[in-house]
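The values are calculated or read from the model by the stated rules, or taken from the named source; none is laboratory data. On a predicted model such as this, the values are computed, not experimentally measured, just so you know. Don't worry about glycine lacking a Cβ; one is built from the backbone with ideal geometry, like all the others, and counts go over all protein chains shown.
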């Protein structure tokens, strides 16, 4: 959550730095002159919004230069995204913001696990996700039934099924290897 909050802070700070009129700006490292449009936008903000920007600006000033650069580059990448991706990000952020603290922690953990996966593992999971999303309702119901059957099995039964599957797979791979190079046989 802290990382996302920092990104939002940076976005607001970048907005504030470039849009605050000189009379309304919080002291910054560099003097900034605002355009008439920026002054109008600032004047249209509520007092609460102005205070949020000022508070986040104070937080921004306390960041080390490397962290500021990281946030700026993420913001620039976001600005270059197509509108659909921006909407997806906004939707994800909205779900995160509205989640309970426990749900947020679970989301953070899933994101952390995702980042630790190799590109090949991520691709495999994306493919699985796509297959599930493209299933018909009937296929989904059958999958759910199989999952329930699996969950009802004892650990010993599950282990036996895994071993049987592994043996069948190895024997199939062995027979494929034996048949390679033989070509088609004519009768």
For this session: Return yes when residue 50 is in the same structural domain as residue 38 (by TED's automatic domain parsing) and within 27 Å of residue 38 (Cα to Cα) and no when it is not.
Result: yes
For this session: Tell me, please, whether a residue that is within 28 Å of residue 125 (Cα to Cα), in contact (Cβ under 8 Å) with a residue 60 or more places away in the chain and either assigned to a helix (DSSP H, G or I) or in contact with a strand residue (DSSP E or B) (Cβ under 6 Å, 6 or more places away or on another chain) (or both) can be found in segment 79-90.
Result: no
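Let's see how each residue does on (1) at pLDDT 95 or above; (2) assigned by TED's automatic domain parsing to the domain that holds residue 89; (3) over 21 Å from residue 89 (Cβ atoms):
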residue	(1), (2), (3)
99	no, yes, no
111	no, no, no
122	no, no, no
126	no, no, no
137	no, no, yes
140	no, no, yes
146	no, no, yes
157	no, no, yes
